[in-house]
2 protein chains.
Amino acid sequence: MTAPRPSSPSRLVERIGEYETRYAALRQRGLKLDMTRGKPSPEQLDLASGLLEVLGPQDYEAADGTDTRNYGGLDGVAELKAIFAEMLETAPAQLILGGNASLTMMHDAVVRALSHGVPGGSGPWSKGPVTFLCPSPGYDRHFMICQHLNIAMISVDLDGEGPDLDTVEKLVAEDASIKGMWCVPKYSNPTGVTYSDRVVKRLANMRTAATDFRLFWDNAYVVHDLYTESDRLLEVLGECARAGHPNRPLVFASTSKISFAGAGVAAMAASPENIADAKRHLGVQTIGPDKLNQLRHARFYRDFAGVRAHMQKHAGLLRPKFEAVARVFERELADAGIAQWTRPRGGYFVSLDTLDGCATEVVRLAEAAGVKLTGAGATFPYGKDPRDRNIRIAPSLPPLSQVETAMEVVAACVLLASARKLAS
Amino acid sequence: MTAPRPSSPSRLVERIGEYETRYAALRQRGLKLDMTRGKPSPEQLDLASGLLEVLGPQDYEAADGTDTRNYGGLDGVAELKAIFAEMLETAPAQLILGGNASLTMMHDAVVRALSHGVPGGSGPWSKGPVTFLCPSPGYDRHFMICQHLNIAMISVDLDGEGPDLDTVEKLVAEDASIKGMWCVPKYSNPTGVTYSDRVVKRLANMRTAATDFRLFWDNAYVVHDLYTESDRLLEVLGECARAGHPNRPLVFASTSKISFAGAGVAAMAASPENIADAKRHLGVQTIGPDKLNQLRHARFYRDFAGVRAHMQKHAGLLRPKFEAVARVFERELADAGIAQWTRPRGGYFVSLDTLDGCATEVVRLAEAAGVKLTGAGATFPYGKDPRDRNIRIAPSLPPLSQVETAMEVVAACVLLASARKLAS
């Protein structure tokens, strides 16, 4: 977050007429722009179009001779496991590849823990109350899983280093019902924060009242840098093992925002004990994942260097859009001192904080002017932002010119909503 | 099942020495044949090799303009839904397409019912005891799901028309804990039986003590005929709707044994209310299935006639293997009157019944002679065949010559085990 400029509420209220006029003019334009979700653009998807022809009628065998068209192979094709292992800085044996959605792997891991428990625990989580810590603002779909499965959520603040560890340590030490914590540790959704080494170490070392506590470590943006230099994230499996808590983290990742959003490959990495436990369950749920699509990915990227090179092309397409958001906000909002926004170095979102109590109104005004934003509150547990100020901006999908226009609308809405609020 | 030939136990015992010698000779051959699972052969998979090149870098849009590479589309690509709808004789709106495994869709449907309940019920199934009826011999992976999720199983006999409905009707009317029943209604795994119209109608109409009873209708072999003429199966969704129980059936199918066993597309069909309920859950579990693979299938098969034509090619490869099994068993076993076996007109298995108490020994002897069979008992709940007589033969994977050899070994083992049993 940038430091807030000195607020000038009186000047803002003076100019309310100007803001009303400008908003009315924008409404006249009849825009129809969608900034709701972190979807890759068609140009980004085109980068991986080689995937559509990398295999052929005679090319379906993995290096170990597996016919990837047939049944079997619960934990995935070896050559793609090797690439994921390098990406997640772990051993292939500590990895399971899945289908097209890491969200499904996370959901299923929570469901399994509820119904059967996890290694080191004393039976199904569902035998008692279950609570998850939810650093917020965070990923709405994580919170939806908890809500759907009747898991209580406690919101925890995030700062520039990650979640507020003083609070986290206190809560997990006291409350044995806290079985899990959602983390997007790199280029966090939506604030763009990468957890500092100190935060990762404290998460690995902290004492938890629950013996079967799990970090749901959604490393969704592990290689999703906007600039040449990547944020550095401490590898959590090793940290936790060294801290004597090898079973604590369940690490998730996918190629959804590397190759195809809807037809990528997901993975889970964890301790050998957690992996064996997951495979015991997966063996009941499936005969095996889509190995053909896994082989496709292995052939297309060849190795982890191939993935790295590919991500630079994504950055080339995404960076101008993120910089446009920053440029418009800086130009339109910086002087007013009524909003803060992130300038992420990776990931898929810009997080915008308005004055307290304005986010819902900004989203409403923007929608009325033809710019759809993620619902206010979506980034908090139960969809309720206690300060009603956070808005998640997803600039990846629309063309650059539309991103600029949409952000001008959003800025105009922020100014109008703020002025109205201050005037009331 | 064929009628048993008149048994001639005394002659069998007389010839025990001959059987011992023959078995010993077979062991000498050092065979290594695997008949454990219903996997398609490489030649069958080759039939669909066009799937590997049917899409191209510019070809990823569905007919309605959906970019199938991107996120979204919870219930699948419309053009493939249309093909599945025709295959399952229902409306596309009553269908959800999934990933590569119908087993996963079944597993997840059971898990959802346990955790949240189903339309028409009074909350999560897991609030009380849950029992499933299991026509047996049946599909081992169905029974594994129940066992894993702590669902009690009651075995029900199958005859040439389907499950023993007198027993089924009595049980479901009396016991409200009976929430489900596994059915493989066409070319049943492993007995090859197709449920008669009378059986389907009784299943649709029967009174159940549980208001939220479900038929898990695994139509795995819906178009998997070995001969030109297909067995006719009454469409269950319509029958149940007409009987006033529209929410009773959950129908499952997949292209695993049509296109690629590991990279096909699965589907669930059900009442509008059941479909809406499933989508509510799926929306938490995933952003959408692999639509690109769905489009691949729609392009490759074009329409349901394309699927039909494709299945005739499978039949051409499978029929000689099934006929080889029948030929060897007829030649080696018919006169002895100690075994019965099925001559299926579709599906993937031959079901062999030995004398009571011999199946485990036959499987053991065969394995010692280098022929791996599915474990005896696998086709019954808890892996326990009460009469220890059923063996599932899966002739699809090995080449024809190996099928013949393997069946000669199995027949020799049946003769030896039977003779030993009768002599003891």
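The values are calculated or read from the model by the stated rules, or taken from the named source; none is laboratory data. Not measured: the values here are computed from a predicted model. No Cβ is skipped: glycine too gets one built from the backbone with ideal geometry, and neighbour counts run over all protein chains shown.
Going by what's in this entry, would B:Gly288 be described as surrounded by 21 or more Cβ atoms within 10 Å (Cβ to Cβ) and at positive phi?
Answer is yes for this residue.
Taking the range B:46-61, which residues are facing another protein chain (nearest Cβ under 7 Å), more than 18 Å from A:Thr68 (Cα to Cα) and in contact with a strand residue (DSSP E or B) (Cβ under 8 Å, 6 or more places away or on another chain)?
B:Tyr60
Tell me which residues, restricted to the range A:376-406, are assigned to a loop (DSSP other than H, G, I, E, B), surrounded by 21 or more Cβ atoms within 10 Å (Cβ to Cβ) and in contact (Cβ under 8 Å) with a residue 60 or more places away in the chain.
A:Ala378, A:Thr379, A:Phe380, A:Asp385, A:Ala394, A:Pro395, A:Ser396, A:Leu397
Having 1 or more residues that are under 16 Å from the mean Cα position of the chain (by Cα), crowded, with 18+ Cβ neighbours inside 10 Å and among the hydrophobic types (A, V, I, L, M, F, W, C) is the bar; report the helices (runs of 4 or more DSSP H) wholly within the range B:89-187 that clear it.
Because the criterion is at least 1 residues that are under 16 Å from the mean Cα position of the chain (by Cα), crowded, with 18+ Cβ neighbours inside 10 Å and among the hydrophobic types (A, V, I, L, M, F, W, C), the helices (runs of 4 or more DSSP H) in the range B:89-187 that meet it are B:102-116, B:140-148.
Answer yes or no: is there a residue in the range B:28-45 that is free of Cβ contacts under 8 Å to residues at least 60 places away in the same chain, away from chain A (no Cβ under 14 Å) and not in a loop (DSSP other than H, G, I, E, B).
yes
Given the conditions (1) more than 22 Å from B:Tyr348 (Cβ to Cβ); (2) part of a helix (DSSP H, G or I); (3) under 29 Å from the mean Cα position of the chain (by Cα), report the number of the one that B:Gly17 does not fulfil.
B:Gly17 satisfies all of (1) more than 22 Å from B:Tyr348 (Cβ to Cβ); (2) part of a helix (DSSP H, G or I); (3) under 29 Å from the mean Cα position of the chain (by Cα) except (3).
Considering only the range B:270-282, state which residues are touching a helix residue (DSSP H, G or I) at 6+ places or on another chain (Cβ under 8 Å) and either modelled with pLDDT under 95 or surrounded by fewer than 21 Cβ atoms within 10 Å (Cβ to Cβ) (or both).
B:Pro272, B:Ile275, B:His281
Answer yes or no as to whether A:Thr104 is closer than 30 Å to B:Leu149 by Cα, within 14 Å of chain B (Cβ to nearest Cβ) and not small (Gly, Ala, Ser).
yes
Any idea which residue in the range A:62-80 is farthest from the other protein chains (Cβ to nearest Cβ), counting only those that are in a helix (DSSP H, G or I) and in contact (Cβ under 8 Å) with a residue 40 or more places away in the chain?
A:Glu79
If A:Ala417 satisfies all but one of (1) closer than 18 Å to A:Arg37 by Cα; (2) buried (at least 24 other Cβ atoms within 10 Å of the Cβ); (3) small (Gly, Ala, Ser), what's the number of the condition it fails?
Only one criterion in (1) closer than 18 Å to A:Arg37 by Cα; (2) buried (at least 24 other Cβ atoms within 10 Å of the Cβ); (3) small (Gly, Ala, Ser) is unmet by A:Ala417, namely (1).
Return the pairs, sorted by first residue and then second, in which the second residue is small (Gly, Ala, Ser) and in a helix (DSSP H, G or I), the first residue lies in the range A:269-294 and is under 13 Å from A:His116 (Cβ atoms) and more than 7 Å from every other protein chain (Cβ to nearest Cβ), the beta carbons are less than 8 Å apart, and the residues are 6+ apart or on different chains.
Listed by first residue and then by second, the contacts come to A:Ala278/A:Ala109.
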